[in-house]
Amino acid sequence: MLNRFDEVFHFNGDKLTSMPFRSMRAGLLGKTLEDALQTFFEKYPQIIPGKQIDPVSEDPPHFVLLRREMPVGGWSLDHLFVDQKGSGGNVKWTIDKLRETYGKDKLGRRLQEILNWAVDKKCFRVAIAIKPTFGLQGKSKSRIVSFMSNGVIYSVINERHYPRGVAERDELVSELKKLQVLDQELDPQEVVSGRNLTKKLSELSDEELVKLLDIFSKYCI
């Protein structure tokens, strides 16, 4: 539920303007939020935060768009960008490439463990991203979870990715909240796509990780 006190502020010169909170489901520019964001990326690729992608570089990447809806196998990339060095930025993270990339520290070992689990359960989903990433494929054949190399876990919450729709999505949200890895105040109806879990891989206990994979397995296999 929206709170009337939820708002952001736009500061321009010496003028501060209050902008009321807007539900993501309300969309933007007469489009769905997703369509509006796609348009912004197409017209203003400079909004991609190159300094956050490579914070130590003296020449962080900045991108130009080559094309929309780039065919890749049986699906497509929303956008194909190239940076000033001629790199497309996005990499297809195959199983072998991921195994070569992950380190020997706790986070690297956990990513390897989950990767092996996903391959064994036949729910591994290849990702095309700048940083090492892979997903779990749900029963609807779409990605419902992503694991990033920095330990962030992204869970897809939109009901269209689950065969039983809202009921199945709500069951997942309830289980994640019970495990205390999802914001307890989260209203799934207000989520357009998904959310990062409140704990990274390195912050989960061994017991929590086992329980988390057990939860995800119900929606993947």
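The values are calculated or read from the model by the stated rules, or taken from the named source; none is laboratory data. Only a predicted model underlies this, so the values are computations on that prediction, with no experimental measurement involved. Using ideal geometry, Cβ is built from the backbone for each residue, glycine included, and neighbour counts are taken over all protein chains shown.
Just a few scattered comments:
- All of (1) surrounded by 13 or more Cβ atoms within 10 Å (Cβ to Cβ); (2) at pLDDT below 85; (3) within 27 Å of residue 94 (Cβ to Cβ); (4) out of contact with any helix residue (DSSP H, G or I) (no Cβ under 6 Å at 6 or more places or on another chain) hold for residue 41 with one exception: (2).
- Scan of the stretch 98-137 for residues that are touching a Pro at 6+ places or on another chain (Cβ under 8 Å) and farther than 17 Å from residue 200 by Cβ, ordered by number: 98, 101
- Failed criterion for residue 213 (all others in (1) over 14 Å from residue 140 (Cβ atoms); (2) surrounded by fewer than 17 Cβ atoms within 10 Å (Cβ to Cβ); (3) of a type in the set (A, V, I, L, M, F, W, C) hold): (2)
- Selected residue (criterion: farthest from the chain's Cα centre (by Cα)) from residues of the stretch 88-113 that are of a type in the set (Gly, Ala, Ser), within 24 Å of residue 61 (Cβ to Cβ) and surrounded by 13 or more Cβ atoms within 10 Å (Cβ to Cβ): 88
- Number of positions in the stretch 33-64 that are touching a strand residue (DSSP E or B) at 6+ places or on another chain (Cβ under 7 Å), of a type in the set (A, V, I, L, M, F, W, C) and under 11 Å from residue 79 (Cβ atoms): 4
- Candidates in the stretch 189-203 are the residues that are in contact with a Leu (Cβ under 9 Å, 6 or more places away or on another chain) and assigned to a helix (DSSP H, G or I); of these, the one that is farthest from residue 101 (Cα to Cα) is 190.
- Number of the condition not met by residue 150 [criteria: (1) under 30 Å from residue 86 (Cα atoms); (2) under 14 Å from the mean Cα position of the chain (by Cα); (3) modelled with pLDDT of 95 or more]: (3)
- Residue in the stretch 145-156 that is crowded, with 17+ Cβ neighbours inside 10 Å and farther than 25 Å from residue 91 by Cα present: no
- Odd one out for residue 79 among (1) surrounded by 15 or more Cβ atoms within 10 Å (Cβ to Cβ); (2) closer than 28 Å to residue 190 by Cβ; (3) over 18 Å from the mean Cα position of the chain (by Cα): (3)
- Each residue in the stretch 173-205 was checked for being within 11 Å of residue 153 (Cα to Cα), surrounded by fewer than 18 Cβ atoms within 10 Å (Cβ to Cβ) and either without any contact (Cβ under 8 Å) to a residue 40 or more places away in the chain or over 19 Å from the mean Cα position of the chain (by Cα) (or both), and 1 pass.
- Search result, residues across the stretch 114-126 that are surrounded by 15 or more Cβ atoms within 10 Å (Cβ to Cβ) and not small (Gly, Ala, Ser): 114, 115, 117, 121, 123, 124, 125, 126
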